[in-house]
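Visitor: I have a structure I would like to understand better, so I am pasting it below and will then ask my questions one at a time.
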Amino acid sequence: MRALKSWEGGLALVFVLTLAWNAAFAPEFLTVQNQINLFQLSIEKIIVALVMTLIIINAEIDLSVASVMGLSAAVFGYLVNNGWGGGTAIALCLGVGLAAGLVNATLSARFGIPSLVVTLAMLIAFRGLARVLVKDNSLGGFPGWVTDLGQKGLVGPVPLSLVLFVLLLAVLWVLLHRTGFGRQVVVIGTNAEVARFSGLNVGRVKAVLFVMSSTVAALAGVLYAARLGSVRGDSALGFELDIITMVLMGGVSIFGGKGSMAGVLLSILIILNLRNGMALMNITGHIQTGVIGVLLIASVLLPNIVSDLRVRRARS
Amino acid sequence: MKTTKLSGLALAAGLAAGLMGTTALAEAVTAAPGAEVNAVLLPKFLGILPFDQANRGAQEAAAELGSTGTLEYIGPTPENSAAGQIEMLTTATTQKQHVVMLSNNAGDQIAPTAEAAQAAGTKVVTWDSPIPSGAGETVFIAQVDFGSIGVVMADMAYDLAGGAGEFAVLSASPDASNQNAWIEAMKETLKGDKYKDLKLVDVVYGNDQSEESYNKALGLVDKYPDLKVIMAPTTVGIVAAAKAMQDEAMCEKVKVSGLGLPAEMVSYSLNGCAPQFALWSFVDLGYLTYQASYAIATGAIKGEIGEEFTAGRMGSFTIEEDPGRPGAKRVLMGPFTVYTKDNVEAAAN
């Protein structure tokens, strides 16, 4: 009973309902291939959402992730089309992500500019770089092994990207909920000043998170390029909103200090399954967006209404 | 309805190729009506008139053929077009749809998904905009010969600019393979001696979004003060550009042309902002696409070069090699119509 009252409990209930709804009305829903497709069509976003969870719990935000994805994809396309090998290109893309993270970390953790401002600026700057590199073209012609890894199954029908997602989920779950670093992330997110006076190296924790975020985003950018087989200057444009949405719906507080990997995982599962179910029922794009939108508004309003009611009840 | 039918060199060549294909095979195949064909009509995105017209044509053909299966008209939102199309083609494959009719807006990014669909038994017939490499595509239903569109665009620019001067192209998205092919064909045509005083100064992209296209049109006239013509080979771009020139009271100086729907262009055509533009019938394109898809899905034809099939009220058509895409196949609909103030009102109704 108590479990149901928690945010995660509510999400689990919604998730089960979504599964039941899909299974009942979309006969193809429970096939293995559909289950894999459902993840693979959004895999890059959900990978980045995992790190975003830690960032937001830390009371920061990284709006630049989608632009880093786009930049990384653009760098990959550019390098491969200028005679570089696929492996070297991937390594350089991860390097680009690392560097982007260092820029975010330096400006926000070192100079104390709010991450909202810093990463908003970088959202524009990195996207600009990506567009300069690719211009109005569409760059393809990747090595066969890259597109194979992006599109085909690695372990049976399960593609590499899904394997990476599961690994990253496990690592970050342990990191957030079972290590000292994870506790520091939460404590700093709850109150950075108190954490600083308690002797925690606030700047270092934040720097690690920003570098982690951008590097993973760069990896996701390469995965995106490999899955689609070509890149454009607007690759991954606007993904940051979907990513942040997944995290917030997972019960992570935008003010920091609160949230769990379990909640975010459930939120991801709900959104992906809902979209997939609606698609299988031939519900068109505009309505899908609308339904997800309503769900989000509800998920933001509901906790506020509930806590408001509790306060009122306590007063009366 | 008075229409001016253009027959550029390339169009003539295309027709000749079509006729030769006809003679190669003895008789056109007619698919047996009443089969269960589950089909999806997947436009670039929902919410603009030409795709709705294509759907009307497809529904008409489905009713005529008496398919006992379903015909879904679904599409992504404009801002999510490429990713949305990939997702919807994947879903259609999962649903084991017999055929997906795709107006591709994802360039070659959709090729892996189309190949996976074919491997799982879902045919992919493209219309309006093909898969550039042809990978994963059974056949492309071409509205008109892509080369001939290039000639018509060059000729309209030539006429409106008075034979000399600067003009620019306002296209859809950089990954729209139909528009890209037309612009390339136009550039080829421009190499001809007739067009030597005509200068193409820029190609910009409004991504088939009205506001973006409107702003790109304004950007062009700011950047090129001597610009005489904006050529927009997209029904969204041409309306936006014409409105931009009208709002800025620049229609005397800068003429808008390209591919537009008479219903949306009639006022701009009459007030001189867009004196000349072209298009084909999207209703017919949807109709022919469904007819071909039905014949392919029922196995009446396989989608091989040289096969001839009947398409209801439109007569018979032959699958041929696509001259613009080596190794890929097309069915050529054609011809198209050039609209002026003399015939636009009749067509708009």
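The values are calculated or read from the model by the stated rules, or taken from the named source; none is laboratory data. Computed from a predicted structure; not experimentally measured. Because the Cβ atoms are built from the backbone with ideal geometry, glycine has one as well, and the counts that use them run over all protein chains shown. Protein only, heavy atoms only, side chains kept; ligands, DNA and RNA dropped before computing areas. Shrake-Rupley method; radii C 1.70, N 1.55, O 1.52, S 1.80 Å.
Visitor: Counting just the residues of the stretch A:61-92 that are without any contact (Cβ under 8 Å) to a residue 24 or more places away in the chain and part of a loop (DSSP other than H, G, I, E, B), which one comes out surrounded by the most Cβ atoms within 10 Å (Cβ to Cβ)?
Guide: A:W84
Visitor: Does A:L237 satisfy the criteria of being within 14 Å of chain B (Cβ to nearest Cβ) and open to solvent by less than 20 Å² (accessible area, probe 1.4 Å)?
Guide: So A:L237 does not fit the description; no.
Visitor: Take B:Q179 and decide whether it is in contact (Cβ under 8 Å) with a residue 40 or more places away in the chain, open to solvent by less than 20 Å² (accessible area, probe 1.4 Å), within 14 Å of chain A (Cβ to nearest Cβ) and within 18 Å of the chain's Cα centre (by Cα).
Guide: Yes: the conditions hold for B:Q179.
Visitor: Look at A:I297 and say whether it is out of contact with any Leu (no Cβ under 6 Å at 6 or more places or on another chain) and within 25 Å of A:F29 (Cβ to Cβ).
Guide: no
Visitor: Something else: Is it the case that some residue within the stretch B:126-133 is assigned to a strand (DSSP E or B), modelled with pLDDT of 95 or more and not acidic (D, E)?
Guide: yes
Visitor: On the basis of being within 14 Å of chain A (Cβ to nearest Cβ) and free of Cβ contacts under 8 Å to residues at least 40 places away in the same chain, does B:N55 make the cut?
Guide: The answer is no for B:N55.
Visitor: Name the residues in the stretch B:75-94 that are more than 7 Å from chain A (Cβ to nearest Cβ), of a type in the set (S, T, Y) and open to solvent by less than 20 Å² (accessible area, probe 1.4 Å), would you?
Guide: The one that is more than 7 Å from chain A (Cβ to nearest Cβ), of a type in the set (S, T, Y) and open to solvent by less than 20 Å² (accessible area, probe 1.4 Å): B:S81.
Visitor: Based on this model, can you work out whether B:G107 counts as in contact with an Asp or Glu (Cβ under 7 Å, 6 or more places away or on another chain), at the interface with another protein chain (Cβ under 7 Å from one of its Cβ atoms) and closer than 25 Å to B:Q179 by Cβ?
Guide: Spelling it out, B:G107 is indeed in contact with an Asp or Glu (Cβ under 7 Å, 6 or more places away or on another chain), at the interface with another protein chain (Cβ under 7 Å from one of its Cβ atoms) and closer than 25 Å to B:Q179 by Cβ.
Visitor: Would you check if B:A244 is under 21 Å from the mean Cα position of the chain (by Cα) and either within 23 Å of B:I149 (Cβ to Cβ) or open to solvent by less than 50 Å² (accessible area, probe 1.4 Å) (or both)?
Guide: No.
Visitor: From the residues in the stretch A:276-305 that are open to solvent by less than 60 Å² (accessible area, probe 1.4 Å) and away from chain B (no Cβ under 14 Å), which one is farthest from B:P76 (Cα to Cα)?
Guide: A:P303
Visitor: Does the stretch A:244-254 contain at least one residue that is open to solvent by less than 10 Å² (accessible area, probe 1.4 Å), in contact with a Leu (Cβ under 6 Å, 6 or more places away or on another chain) and among the β-branched types (V, I, T)?
Guide: No, there is no match, as no residue in the stretch A:244-254 is open to solvent by less than 10 Å² (accessible area, probe 1.4 Å), in contact with a Leu (Cβ under 6 Å, 6 or more places away or on another chain) and among the β-branched types (V, I, T).
Visitor: So B:E184 clears everything in (1) surrounded by fewer than 20 Cβ atoms within 10 Å (Cβ to Cβ); (2) more than 14 Å from chain A (Cβ to nearest Cβ) except one condition, right? Which one?
Guide: For B:E184, the failing item is (2).
Visitor: Take residues that are hydroxyl-bearing (S, T, Y) and tell me which of the strands (runs of 3 or more DSSP E) falling wholly in the stretch B:239-324 contain 2 or more. Walk me through it before giving the result.
Guide: Numbers: elements: B:255-258, B:277-279, B:308-310, B:316-321.
Per the criteria, B:316-321.
Visitor: Report yes if A:V171 is more than 14 Å from chain B (Cβ to nearest Cβ), over 25 Å from A:A109 (Cα atoms) and within 21 Å of the chain's Cα centre (by Cα), otherwise no.
Guide: In short, no.
Visitor: Taking the stretch B:300-315 as the search range and keeping residues that are open to solvent by 20 Å² or more (accessible area, probe 1.4 Å) and among the aliphatic types (A, V, I, L, M), which one is nearest to B:K123 (Cα to Cα)?
Guide: Here is the first cut: in the stretch B:300-315, the residues open to solvent by 20 Å² or more (accessible area, probe 1.4 Å) are B:300, B:302, B:304-305, B:307, B:310, B:312-315.
Still in the running and among the aliphatic types (A, V, I, L, M): B:300, B:305, B:314.
Values: B:A300: 13, B:I305: 16, B:M314: 23 Å.
Once the filter is applied, the top-ranked residue is B:A300.
Visitor: While we're here: Can you find a residue that is surrounded by fewer than 24 Cβ atoms within 10 Å (Cβ to Cβ), free of Cβ contacts under 8 Å to residues at least 40 places away in the same chain and small (G, A, S) anywhere in the stretch A:36-49?
Guide: no
Visitor: Let me ask you something else. Do we have any residue at all in the stretch B:95-103 that's at the interface with chain A (Cβ under 9 Å from one of its Cβ atoms) and open to solvent by less than 10 Å² (accessible area, probe 1.4 Å)?
Guide: Start the filter on the stretch B:95-103 by keeping residues that are at the interface with chain A (Cβ under 9 Å from one of its Cβ atoms), which leaves B:95-96.
Still in the running and open to solvent by less than 10 Å² (accessible area, probe 1.4 Å): none.
No: zero hits.
Visitor: Now, a different point. Open to solvent by 10 Å² or more (accessible area, probe 1.4 Å) and more than 23 Å from A:L129 (Cα to Cα) - does that describe any residue in the stretch A:208-225?
Guide: yes
Visitor: In addition: Specify which of the listed residues (B:E166, B:E115, B:E72, B:E60) is more than 14 Å from chain A (Cβ to nearest Cβ), open to solvent by 10 Å² or more (accessible area, probe 1.4 Å) and over 25 Å from B:K187 (Cα atoms).
Guide: It is B:E60.
Visitor: Search the stretch B:209-229 for residues being within 19 Å of the chain's Cα centre (by Cα) and under 16 Å from B:V256 (Cβ atoms), and hand back the single one that is least open to solvent (accessible area, probe 1.4 Å).
Guide: Step by step, filter the stretch B:209-229, then rank; the result is B:S213.
Visitor: Within the stretch A:93-114, how many residues turn out to be assigned to a helix (DSSP H, G or I) and more than 14 Å from A:V68 (Cβ to Cβ)?
Guide: Looking only at that region, the number is 5.
Visitor: Looking at the stretch A:148-170, can you tell me whether even one residue there is assigned to a loop (DSSP other than H, G, I, E, B), of a type in the set (A, V, I, L, M) and without any contact (Cβ under 8 Å) to a residue 12 or more places away in the chain?
Guide: No: the stretch A:148-170 contains no residue that is assigned to a loop (DSSP other than H, G, I, E, B), of a type in the set (A, V, I, L, M) and without any contact (Cβ under 8 Å) to a residue 12 or more places away in the chain.
Visitor: With respect to A:G293, determine if the residue is within 21 Å of the chain's Cα centre (by Cα) and on the phi > 0 side of the Ramachandran plot.
Guide: Spelling it out, it is not the case that A:G293 is within 21 Å of the chain's Cα centre (by Cα) and on the phi > 0 side of the Ramachandran plot.
Visitor: For the condition hydrophobic (A, V, I, L, M, F, W, C) and within 14 Å of chain B (Cβ to nearest Cβ), what is the one hit in A:I61, A:I43? I'd like the intermediate steps shown before the answer.
Guide: Values: A:I61 fails: within 14 Å of chain B (Cβ to nearest Cβ).
A:I43 is the lone residue from the list that is hydrophobic (A, V, I, L, M, F, W, C) and within 14 Å of chain B (Cβ to nearest Cβ).
Visitor: Of the residues that sit in the stretch B:316-336 and are closer than 18 Å to B:Y287 by Cα and touching a Leu at 6+ places or on another chain (Cβ under 9 Å), which one is most open to solvent (accessible area, probe 1.4 Å)?
Guide: The extreme case among them is B:P335.
Matching residues to (1) out of contact with any Gly (no Cβ under 8 Å at 6 or more places or on another chain); (2) within 24 Å of B:N207 (Cα to Cα):
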{"site": "B:A62", "(1), (2)": "yes, no"}
{"site": "B:G66", "(1), (2)": "no, no"}
{"site": "B:G69", "(1), (2)": "yes, no"}
{"site": "B:I74", "(1), (2)": "no, yes"}
{"site": "B:E79", "(1), (2)": "no, yes"}
{"site": "B:L89", "(1), (2)": "yes, yes"}
{"site": "B:Q97", "(1), (2)": "yes, no"}
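Visitor: Now a separate question. Where the second residue is open to solvent by 10 Å² or more (accessible area, probe 1.4 Å) and acidic (D, E) and the first is outside any loop (DSSP other than H, G, I, E, B) and lies in the stretch B:134-159, which pairs have Cβ atoms under 7 Å and are six or more apart or on separate chains?
Guide: B:F140/B:D322; B:G150/B:E188
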